[in-house]
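Chemist: Below is one structure. I have some questions about it.
The values are calculated or read from the model by the stated rules, or taken from the named source; none is laboratory data. All values derive from a computational prediction rather than experimental measurement. Cβ sites come from the backbone with ideal geometry, for glycine too, and all protein chains shown count toward neighbours.
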Ligand code: SF4
Ligand code: SF4
């Protein structure tokens, strides 16, 4: 008789402690489309659409965000023209690009 294999993942106390905070943060970012906007530097190049890891961005006659944002901030940091802002938090702020990552490969 075959027995069903069950993979059990042991979770730490910290996991359960941080889980509500994580869920709250994700709830916030899933509604993040209200906060994203582009400025006059946007060329509609489509780079953000290609590079969003969860396909949350569409570029047509303007850039539109959907409800599946994971809050990675890749679109903000890697837009070639620094044309994406999140509310007023990112205005005038430096963008971060990890020099150890080739963005065209991810
Ligand atoms: S990557 Fe930047 S410039 Fe290109 S479409 Fe997206 S927001 Fe506009
Ligand atoms: S923050 Fe990340 S997941 Fe959210 S829209 Fe931008 S690239 Fe996509």
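Chemist: What's the number of the condition residue 100 fails, among (1) outside any helix (DSSP H, G or I); (2) at negative phi; (3) more than 10 Å from ligand 2 (Cβ to nearest atom); (4) surrounded by 10 or more Cβ atoms within 10 Å (Cβ to Cβ)?
Modeler: (4)
Chemist: Sticking with this structure for a sec: Could you list, in sequence order, all residues of the stretch 61-84 that are more than 13 Å from the chain's Cα centre (by Cα) and either at positive phi or crowded, with 18+ Cβ neighbours inside 10 Å (or both)?
Modeler: 63, 82, 83
Chemist: Do any strands (runs of 3 or more DSSP E) entirely within the stretch 14-73 hold 3 or more residues that are within 18 Å of residue 87 (Cβ to Cβ), within 14 Å of ligand 2 (Cβ to nearest atom) and at pLDDT 90 or above, and if so, which?
Modeler: 36-38, 63-65
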